[in-house]
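Each remark here refers to the structure printed beneath this line.
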Amino acid sequence: MNKPFMDEELPVIARFELRRRAYLGPDGVLHGRPPAFASNVDLLISLLRAMALTRAFDLKAVALQRTGRLGTYPVSLGEEAVSVGAASAMREEDVLLPSYRNTGAQLWRGVKMEEILLFWGGDERGNAFSGPKQDFPLSIPVASQTSHAAGVAYAFKLRKEPRVAVCMSGDGATSKGDMWEAMNFAGVAKLPVVFIVGNNQWAISVPRKLQTASETLAQKAIAAGFGGEQVDGNDVIAVRAATERALAAARAGEGPFLIEALTYRLGDHTTADDAARYRSPEEVQARWKEEPIARLRAYLVGKKAWGKEDEERLASECQARVEAAAASYLATPPRAPSSMFDHLYAELPHAYLGQRRELEGASDA
Ligand SMILES: Cc1ncc(C[n+]2csc(CCOP(=O)(O)OP(=O)(O)O)c2C)c(N)n1
Ligand SMILES: [Mg+2]
């Protein structure tokens with residue numbers, strides 16, 4: 001850490017503390033004092049299944065992109081526990097504001113795989129998704145969802161509704177003005193919003209250390225006047241426990257919270273990226289030992305709650321579901337090109353009327 005200048009002769013006026021939450025280690029063993037839900041094997045299996053489905057879906061999405069049938073796509077390989085852990089702690093009436101890397105959270109909330117594929121295939125109908133309609137579409141502009149989340153939480157507060165906005169972002173978002181402003185307002189107005197920062201160590205090719213000199217990202221909450229903690233983001237139990245606690249506090253009127261979920265982006269930034277150009281295969285290989293699915297599987301195997309047959313059944317089930325979703329996506333006829341003029345304006349400006357007519361004329365021909 002950079003040692004900030006400090007005149008030792010002056011009296012100390014404030015001290016801050018940060019804590020780190022971790023239960024399920026890469027060794028597949030529970031440490032510390034895990035939350036009560038960790039003894040609910042069925043729940044743990046549902047978390048495992050959700051992470052496995054996310055990974056299988058990502059694989060298929062990349063295959064579709066590589067064969068020219070999908071646009072750019074961002075996998076969440078190695079980061080599945082952040083999305084699944086956070087979303088699984090939410091109530092249906094809460095509002096999720098995801099980033100582009102939170103496919104696992106959207107799936108948990110009930111968005112269909114074919115809808116996600118439609119979106120990444122360039123069809124906005126994918127955003128009219130199933131599941132909680134009040135959830136936001138995923139945000140591609142980095143950090144713009146943070147101020148939206150503060151706004152949603154402000155509405156909850158004004159209406160006195162016991163609901164929470166869950167804002168998901170990457171580490172890079174915490175370096176942006178939008179997020180500082182959102183956190184500042186959230187702190188001042190004590191808003192029911194939980195910021196989940198998936199710190200995957202990279203903002204495309206920019207490593208965490210070049211993004212911010214802050215020792216942790218969790219401590220950024222302290223500057224905004226609320227609490228934060230660092231969580232092992234590859235431990236789905238820790239992510240869920242941290243989110244549950246923060247949601248309960250926010251719902252009870254205790255204001256915002258920031259969870260820095262430490263993880264690692266095992267894949268490329270998106271299908272438009274080649275991470276081998278800026279990081280070594282050895283670094284990535286070493287991080288595979290920490291990925292979230294293997295450790296939960298190992299834990300369940302140790303408990304005799306999971307075995308080879310379960311694993312094989314899950315793999316073929318995920319495969320079948322993903323294939324069916326891809327087939328449904330591919331069978332969806334594209335929208336008429338003129339639909340690009342719909343929905344943006346209540347009344348189409350004159351300049352666009354002519355363009356629409358021209359396009360419709362061309363497609364009639
Ligand atoms: C406002 C804005 N600036 C730049 C970009 C280009 N961009 C896309 S992703 C990204 C990096 C984001 O990193 P991080 O917040 O750590 O999220 P991650 O991709 O690692 O999940 C950038 C700079 C963008 N999408 N939006
Ligand atoms: Mg990142």
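Rolling a 1.4 angstrom probe over segment 175-262 with all protein chains present gives an accessible area of which 55% lies on carbon and sulfur atoms.
Extension gain for residue 43 to residue 355 (0.36 nm times residue separation, less C-alpha to C-alpha distance): 106.9 nm.
Among the trypsin sites (Lys or Arg not before Pro) within segment 256-292, those in coil by DSSP and having at most 15 neighbouring Cβ atoms inside 10 Å are 279, 289.
Full extension of the chain segment joining residue 311 with residue 254 gains 16.4 nm, where the gain is 0.36 nm per residue of separation less the Cα-Cα distance.
For segment 210-317, GluC sites (Glu not before Pro) meeting the loop criterion (DSSP other than H, G, I, E, B) and having at most 16 other Cβ atoms within 10 Å: 215, 254. Fully extending the segment from residue 210 to residue 93 would add 38.3 nm, taking 0.36 nm per residue of separation and subtracting the current Cα-Cα distance.
Note on residue 60: lysines with a C-alpha under 28 Å away, same-chain residues under 8 apart excluded, are 112, 133, 289, 308.
Here residue 346 and residue 272 are evaluated by their C-beta separation; at R0 = 45 Å the FRET efficiency comes out at 0.80. The figure for residue 190 is an accessible area of roughly 110 square angstrom, using a 1.4 Å probe on the protein chains alone.
With the simple spin-label model, which puts each label point 7 Å out from Cα in the Cβ direction, the residue 8 to residue 280 separation comes to 3.8 nm. Largest mean-square fluctuation among 341, 257, 226, in a Gaussian network model of the chain whose springs join Cα atoms under 10 Å apart, belongs to 341. Looking at the chain, the DSSP beta bridges with both ends there are about 10 percent antiparallel. In this structure, residue 69 and residue 319 have a Cβ-Cβ separation that, at R0 = 22 Å, corresponds to a calculated FRET efficiency of about 0.80. Each residue was assigned an accessible area with a 1.4 Å probe, and for residue 338 the value is about 20 Å².
Solvent-accessible area per residue in the chain equals 50 Å², computed with a 1.4 angstrom probe and all protein chains kept. The GNM of the chain, with springs linking C-alpha atoms under 10 angstrom apart, assigns the highest mean-square fluctuation among 209, 304, 60 to 304.
Just so you know, the Cα atoms of segment 122-276 work out to an Rg and Dmax of 15.6, 50 Å.
The values are calculated or read from the model by the stated rules, or taken from the named source; none is laboratory data. Here the structure is a predicted model, which means the values were calculated and not measured. Note: ideal-geometry Cβ built from the backbone for every residue, glycine included; neighbour counts use all protein chains shown. Heavy atoms of the whole protein, side chains included, go into the accessibility calculation; ligands, DNA and RNA do not. Shrake-Rupley method; radii C 1.70, N 1.55, O 1.52, S 1.80 Å.
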